[in-house]
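The values are calculated or read from the model by the stated rules, or taken from the named source; none is laboratory data. Remember, it's a predicted structure, so these values are computed and weren't measured experimentally. Counting neighbours? That spans all protein chains shown, and the Cβs are built from the backbone with ideal geometry, glycine included. Just the protein is used for accessible areas: all its heavy atoms, side chains included, with ligands, DNA and RNA removed. Shrake-Rupley method; radii C 1.70, N 1.55, O 1.52, S 1.80 Å.
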Amino acid sequence: MTSTTLFPSPTPWTPPPTPSAQVQKIALLIDNSKSVNHLLEIHGALLRRGLHHHPILNFKLQRSYSSLGHLHHTVTLFRRTPSPNVFLWSAIINAHAHSHSDRALSYYAQMLAHPVRPNAFTLSSLLKACTLRPARTVHSHAFKLGLASDRYVSTGLLDAYARGGDVLSAQKLFDTMPDKSLVSSTAMLTCYAKHGMLREARLLFDEMKVKDVVCWNVMIDGYAQHGFPNESLLLFRRMMGMKVRPNDITLVAVLSSCGQLGALESGRWVHSYVENNGAGIRVNVIVGTAMVDMYCKCGSLEDARKVFDVIEEKDVVAWNSMIMGYGIHGFSDKALRLFQEMCCVGAKLKPSDITFVAVLTACAHGGLVGKGWEVFNLMKNWYKMEPKIEHYGCMVNLLGRAGRVQEAYDLVRSMEVEPDSVLWGTLLWACRVHNDVSLGEEIAEFLVSKDLASSGTYVILSNMYAAASNWDGVAKVRSLMKGGGVEKEPGCSSIEVDNRVHEFLAGDLRHPRSKDVYLMVEEMNGWLKACGYTPNTDVVLHDIGEQQKEQSLEVHSEKLALAFGLISTSPGTAIKIVKNLRVCLDCHTVMKMMSKITGRKIIMRDRNRFHHFENGSCSCRDYW
C-alpha cells in the first residue's frame, strides 16, 4: 500500500468553534475530578444532555479515566464513539503506552486502517510503548508524514533506541538534532549511562548548560551502578554545592554508593538530611530499604534495624535487605527468626528468590548445614519455587565451608541447571580451604578446557599448589596467567575518616600520612609480639625466606588501614574497614588481638562477610 492511501492528505483545516460557556464549565469539572465516581456522575449528566459525543468533552473524559487508573472505562467510551478523530485515537494509544504496549501498537494499526492520519502527539505517545523493532517502523512512518524533525517525535525515537540498546542509532539521531532540548539531552545521557558508557555520558553532562535533578540523577546513579561509588559521591557533593535539590532517586543512588564504600558517616548524613530538611522526601519503603541496605553494608546493624522497624508497609525487598544484613554479619539465628516472622505476616507477603538466597547465605555463614537443607527443600516443596543457579551456589558454599566438599561436588553434578563459572569457583575455593588438591586440579582443568576459567580460578589453583609447597605447579599456573593476560586482583582496603574514604594497597606509600602509618605499624608489631603473637607465614604463598614473609605480612592493606584508623580517630571509637578480598588468617588473628590491646571494636567487611572483632574474639567464630 502506498503512502498516499495509508496516510491520506488532510482536509483543509478550519479553526474549531469556540466552546460554549457550558462546555467550558463541564470541561473544567472533568479536569478537576479526583475520583472515578465523580467522573461517572459527570459522564451520566453528559449522556442525559446529549453531549457524550462532544469531541472536547469526550477527549477529556477518556484522558481522566485513564489518569485515575480506570482504563476499562476509557476503552468502553472510545469504542462507543462514532468515527473517533486523531485526538481520540492518540489519547487511547497514550493511555495504553506505558503498561499495555501491545495494545497501544494494536490501536495504532487500527487507526491506520480506518484511515486516520497520525500527528506528532500520536507518534510520541506510541514510541513510549515501542521496543526496538517497532520503533524503527515508526521512524519510517515519521519520515513519510514529515514529522521526523518534530522535537517530541525525535526525542521519543531517541528514547526508544536507547531503551532498545541501539546506542549508535540514538547517537546518530541526537547528533542531527538542530535544537537539542533538555529532554533529548537527558535521553541521550541516560542511553550512555545505563550502557556503561560513563566517559561519553560525563562529556555530554559537562557540556549541558542547563541541568535539572534528572540529569544529575542519571550521572550519580550511573557511577553507583557501574562500580564508581567515589565518583558518585563527589558528583553528589557538587550537586548540593550548586543548590540543586535532590529527590528520592538521588538519595537512593547516593546511599548505594555509601554502602559500596562502607562510608557510614556519609550515609548517616543522608539519613539526617531526609529527616531534617529533605525537601519533602520521606523514609518510604524505597528510601528506607536503601538506608537498611547501606547501614548493613557499612557495618551498623543497629541503625539498619531501627530504620527497618519504622518502615510502613514493608515489601519483600525491605525484608530481604534486613535478612541478608543479618546473614552477611554472621547473625544466622536473627536472620532465620526474621525469615520466620516474614512468613507469618500474611498471604500478601511471599518470599522471593532473593529471600531464599539471603536465608541460605545466613546458614552458610553460620555453618548450619541441616537448616540449610531444610530451607532449600522448603523453597522447592512448600513454595513450589524451582532453585536457580544462585540457590545452588549458596548450598555449595554452605557445604564447602563445612568441609563437605564431596557432597558439594555431588550436588553440582546432579543439578538440573548448567553450573556457571561462579559456582565452580565456589567449589574450587572449598577445595583450597580444605586442601583437596586432587579435586581442585580436576575442577580447574575442567574450567580451563571449557574456557570458563577466570582470574580467580588461576589464583586459587596457584594458592593450592603454594600451600602444598609445589612451587613447580605455582610457576606453571603463573606462566599460564601471564600467557593469557590474566592478572591477580590486588588487595585493597578502605577506611572512612571525617567523611572521606582513604584507600590502601599492600605496601602502599602513596598516602599523605604514609610515614605516620608505618610508624604505627611498627608500634603495633611491638604490642602484638609482647602479647605472644607469631606471624602466620603459611599464608604467604611465595617461595621466599621466612623474614621476607614476615615483612610481607606486616604491610597487608588491612593492617595499613587499621594503623591509619588508630592515628586518625579518637581512642575508644570503633574502626570500620572494607576489604575487596577475603581477609587472610594472619590479618584475622592480628585484628582479634588488636581489638583487645586497644580496647576498640574493629569491624571489617571482606569479600565474603562481616567480621566484628571485640575484646580478642570475632563474630565469625573463626569460621569464614
* Asked: Which ranges mark the helices (runs of 4 or more DSSP H) fully within the stretch 33-123 that have 1 or more residues being touching a strand residue (DSSP E or B) at 6+ places or on another chain (Cβ under 9 Å), farther than 21 Å from Tyr152 by Cβ and not acidic (Asp, Glu)?
  -> none
* Residue by residue through the stretch 268-278, note down the ones that are of a type in the set (S, T, N, Q) and either touching a helix residue (DSSP H, G or I) at 6+ places or on another chain (Cβ under 7 Å) or in a loop (DSSP other than H, G, I, E, B) (or both). => none
* Structure fact -> Those residues of the stretch 478-496 which are among the aliphatic types (A, V, I, L, M) and either outside any helix (DSSP H, G or I) or closer than 28 Å to Leu560 by Cβ (or both) amount to Met481, Val486, Ile495
* To do: For residues that are of a type in the set (S, T, N, Q) and either in contact with a Gly (Cβ under 9 Å, 6 or more places away or on another chain) or free of Cβ contacts under 8 Å to residues at least 24 places away in the same chain (or both), tally how many sit in the stretch 489-528.
  => 2
* To do: Answer with yes or no whether Glu374 is out of contact with any helix residue (DSSP H, G or I) (no Cβ under 8 Å at 6 or more places or on another chain) and either of a type outside the set (Phe, Trp, Tyr) or free of Cβ contacts under 8 Å to residues at least 60 places away in the same chain (or both).
  => yes
* Asked: Is it fair to say Ile323 is open to solvent by less than 40 Å² (accessible area, probe 1.4 Å) and outside any helix (DSSP H, G or I)?
  -> no
* Asked: Can you pull out the residues in the stretch 363-376 that are at pLDDT below 95 and in a helix (DSSP H, G or I)?
  -> Ala364, His365, Gly366
* Asked: For residues in the stretch 364-408 being closer than 23 Å to Ala347 by Cα and of a type in the set (Phe, Trp, Tyr), which is least open to solvent (accessible area, probe 1.4 Å)?
  -> Phe376
* Only residues that are open to solvent by 10 Å² or more (accessible area, probe 1.4 Å), of a type in the set (Gly, Ala, Ser), under 21 Å from Thr289 (Cα atoms) and not in a loop (DSSP other than H, G, I, E, B): list them for the stretch 223-267, please. => Ser256, Ser266
* Mind listing whichever residues of the stretch 330-365 are within 20 Å of the chain's Cα centre (by Cα) and either of a type in the set (Val, Ile, Thr) or farther than 21 Å from Leu399 by Cβ (or both)? => Pro351, Ser352, Ile354, Thr355, Val357, Val359, Thr361
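Out of Leu68, Leu40, I need the residue that is more than 40 Å from the chain's Cα centre (by Cα), open to solvent by 30 Å² or more (accessible area, probe 1.4 Å), farther than 19 Å from Phe121 by Cα and hydrophobic (A, V, I, L, M, F, W, C). Which one?
Working: Leu68 fails: more than 40 Å from the chain's Cα centre (by Cα).
Going through Leu68, Leu40 in turn, just one is more than 40 Å from the chain's Cα centre (by Cα), open to solvent by 30 Å² or more (accessible area, probe 1.4 Å), farther than 19 Å from Phe121 by Cα and hydrophobic (A, V, I, L, M, F, W, C): Leu40.
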* Structure fact -> The correct count of residues that are open to solvent by 60 Å² or more (accessible area, probe 1.4 Å) and touching a Phe, Trp or Tyr at 6+ places or on another chain (Cβ under 9 Å) in the stretch 506-535 is 5
* Could you tell me which of the residues Ile281, Ile220 is open to solvent by less than 60 Å² (accessible area, probe 1.4 Å), in a loop (DSSP other than H, G, I, E, B) and either out of contact with any strand residue (DSSP E or B) (no Cβ under 9 Å at 6 or more places or on another chain) or touching a residue at least 12 places away in the same chain (Cβ under 8 Å) (or both)? => Ile281
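Check Lys314, Lys350, Lys306 and return the single one that is open to solvent by 10 Å² or more (accessible area, probe 1.4 Å), assigned to a helix (DSSP H, G or I) and either closer than 18 Å to Ala263 by Cα or of a type in the set (D, E, K, R) (or both).
Details: Lys314 fails: assigned to a helix (DSSP H, G or I); Lys350 fails: assigned to a helix (DSSP H, G or I).
From the options Lys314, Lys350, Lys306, the qualifying one is Lys306.
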* **Which numbered condition Tyr458 fails, given (1) touching a residue at least 24 places away in the same chain (Cβ under 8 Å); (2) in a helix (DSSP H, G or I); (3) closer than 20 Å to Thr537 by Cα** => (3)
* Asked: Could we say that Leu173 is assigned to a helix (DSSP H, G or I), open to solvent by 30 Å² or more (accessible area, probe 1.4 Å) and either of a type outside the set (Phe, Trp, Tyr) or modelled with pLDDT of 90 or more (or both) here?
  -> no
* Structure fact -> Looking across the stretch 549-590 at residues that are without any contact (Cβ under 8 Å) to a residue 60 or more places away in the chain and charged (D, E, K, R), the single one that is surrounded by the most Cβ atoms within 10 Å (Cβ to Cβ) is Lys559
* Asked: List the pairs whose first member sits in the stretch 602-624 and is in a strand (DSSP E or B), whose second member is of a type in the set (D, E, K, R) and modelled with pLDDT of 90 or more, and whose Cβ atoms are under 6 Å apart, counting only residues at least 6 apart or on separate chains?
  -> Ile603/Lys576; Phe613/Lys592; Glu614/Lys601; Cys618/Lys592
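Report the residue count in the stretch 442-452 for those that are open to solvent by 50 Å² or more (accessible area, probe 1.4 Å) and either at pLDDT below 85 or among the β-branched types (Val, Ile, Thr) (or both).
7
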* To do: Can you work out which of the residues in the stretch 117-138 that are farther than 17 Å from Leu88 by Cα and hydroxyl-bearing (Ser, Thr, Tyr) is least open to solvent (accessible area, probe 1.4 Å)?
  => Thr137
* Structure fact -> Ser469 meets each of (1) in a loop (DSSP other than H, G, I, E, B); (2) under 31 Å from the mean Cα position of the chain (by Cα) with one exception, condition (2)
* Considering only helices (runs of 4 or more DSSP H) fully contained in the stretch 497-596, which possess at least 3 residues that are under 26 Å from Glu265 (Cα atoms)? -> 514-530, 557-568
* Are any of the residues in the stretch 564-583 on the phi < 0 side of the Ramachandran plot, of a type outside the set (Asp, Glu) and at pLDDT below 85? -> no
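Being in a helix (DSSP H, G or I) and either of a type in the set (D, E, K, R) or free of Cβ contacts under 8 Å to residues at least 24 places away in the same chain (or both) is the filter here, so list the residues in the stretch 154-168 that pass it.
First, pick out the residues of the stretch 154-168 that are in a helix (DSSP H, G or I): 154-163, 167-168.
Of everything in the stretch 154-168, those that are in a helix (DSSP H, G or I) and either of a type in the set (D, E, K, R) or free of Cβ contacts under 8 Å to residues at least 24 places away in the same chain (or both) turn out to be Asp159, Arg163, Leu168.
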* Failed criterion for Asn435 (all others in (1) surrounded by 14 or more Cβ atoms within 10 Å (Cβ to Cβ); (2) modelled with pLDDT under 95; (3) not acidic (Asp, Glu) hold) -> (1)
